[in-house]
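Structure, as structure tokens:
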Amino acid sequence: MYLNEKKIAILLAAYNAEQYIAEQIESILTQTNQDWTLYIRNDGSKDNTGDVIAEYCEKYPNIIEIDRGAGNLGCRNNFFRLLEVVDSDYFMFCDADDVWFDDKIEISLDRMRELEAVHHNKPLLVHTDSAVYDADLNLMAESYWKTVNINPDKFLTFNEICICCCVGGSTMLLNRKVKDLMFPLADNDFIFDYWIAINTVQHGIISTIHRPTKKYRQHNTNVCGVTVGDENSVFNKLKESVSLLKKYKQESDKLKTIGYGGFAKYLFYKMIVIAKMRLSKY
């Protein structure tokens with residue numbers, strides 16, 4: 001167990017990230033809030049990611065690598081491994097290929113403290129928007145949420161977050177009580193940020209900051225990405241009714257394992273989410 005002596009533990013999961021990870025770390029080093037320790041886990045990269053990490057760890061005492069030389073866990077379990085072995089007041093997750101705006105930590109922590117003044121001893125999660133950039137950091141969209149026409153404030157109930165989770169892992173700041181909800185870790189394959197969000201909304205508070213705090217870099221090796229400019233993509237898929245219903249049934253069956261309910265409930269809230277996205281603008 002790593003006991004963080006700073007206020008915030010930044011958890012960076014890296015895999016084959018040698019091309020971008022230095023730029024990400026540099027953006028953390030220039031944060032207006034410096035009350036943090038950066039913990040990095042290299043998930044069995046096959047490139048020179050490990051060498052880059054080692055150079056920063058040698059140079060900066062507040063950058064620490066865990067599980068050096070360990071094997072590949074995959075994106076979800078790599079982040080949860082970091083969260084499991086680090087103890088801190090607050091946690092932030094970090095992708096290796098993004099770039100943080102200088103005040104990302106400051107903005108998020110300010111909101112967290114506002115929440116703590118009202119909601120004592122509750123699990124609290126703050127998340128923000130992202131600006132979308134290409135691989136060379138040319139701006140593609142000033143707001144990820146506006147690009148996909150999703151206002152997170154409209155999807156903050158458990159029933160809706162299960163269908164449409166707008167809470168991105170690398171935009172989160174969470175308190176220690178959210179971590180307490182995670183462990184022991186459930187035996188499922190829900191994406192880590194989705195699992196954190198649906199547990200937090202049931203027991204605590206999720207607060208949205210309508211401001212980008214990072215450059216969300218899009219490139220051909222993204223684990224997840226966003227298509228800019230195709231606003232009707234969700235609804236075009238409705239034409240593919242047979243394959244779509246099959247996909248919905250699979251999603252419903254997966255949610256049933258955590259007590260969400262049956263297929264009828266899933267479809268009901270799916271239609272609500274689609275209607276909200278269709279009939280309103282961010």
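Just so it is clear, none of the values below were taken in a lab; they were calculated from the coordinates. Keep in mind the model is a prediction, meaning the values are calculated, not measured. No Cβ is skipped: glycine too gets one built from the backbone with ideal geometry, and neighbour counts run over all protein chains shown.
What to note about this one:
- In the chain, the DSSP beta bridges split such that about 25 percent are antiparallel, to the nearest 5.
- Each other residue within a Cβ distance under 14 Å of Ala117 adds +1 if Lys or Arg and -1 if Asp or Glu, for a net charge of 0.
- Expected 222 nm ellipticity per residue - DSSP helices of 4 or more, -39500 (n - 2.57), all of the chain, to 500: -11500 deg cm²/dmol
- Hull-based mean projected area of the chain, where the convex hull spans the alpha carbons, in square nanometres: 14.9 nm²
- Near Lys249, once Lys and Arg are set to +1 and Asp and Glu to -1 for all other residues with Cβ below 12 Å from its Cβ, the sum equals +3.
- Using alpha-carbon coordinates, inclination of helix 241-256 to the longest axis of the chain, degrees: 60 degrees
- Over all other residues within a Cβ to Cβ distance under 12 Å of Ile66, the charged ones net out to -1, with Lys and Arg as +1 and Asp and Glu as -1.
- In percent, rounded to a whole number, the relative contact order of the chain is 20, using alpha-carbon pairs under 8 Å and six or more apart.
- Approximating the spin labels as points 7 Å out from Cα along Cα→Cβ, the Asp153-to-Ala70 distance works out to 4.0 nm.
- Take the Cα of Thr257, step 7 Å toward its Cβ, do the same at Val118, and the gap between the two points is 3.6 nm.
- Kirkwood-Stokes translational diffusion coefficient of the range 161-207, alpha-carbon pairs, 20 °C, 1.002 mPa s, µm²/s: 194 µm²/s
- Exceeding the 23 Å Cα-Cα cut-off - candidates Lys104/Lys146; Lys6/Lys104; Lys7/Lys122; Lys146/Lys215: none
- Estimated FRET transfer efficiency (Arg278, Gln34; beta-carbon r; R0 35 Å; 0.05): 0.20
- Around the Cα centre of the chain, unit charges on the Cβ atoms of Lys, Arg, Asp and Glu (plus for the first two, minus for the last two) sum to a dipole of about 1540 debye.
- Cα centroid separation, the range 242-282 to the range 128-171 (Å): 19 Å
- Top of Asp180, Asp98, Asp129 by mean-square fluctuation, Gaussian network on the chain, Cα under 10 Å: Asp180
- In nm, spacing of pseudo-spin labels at Asp47 and Gln250 (7 Å Cα→C-beta vector): 2.9 nm
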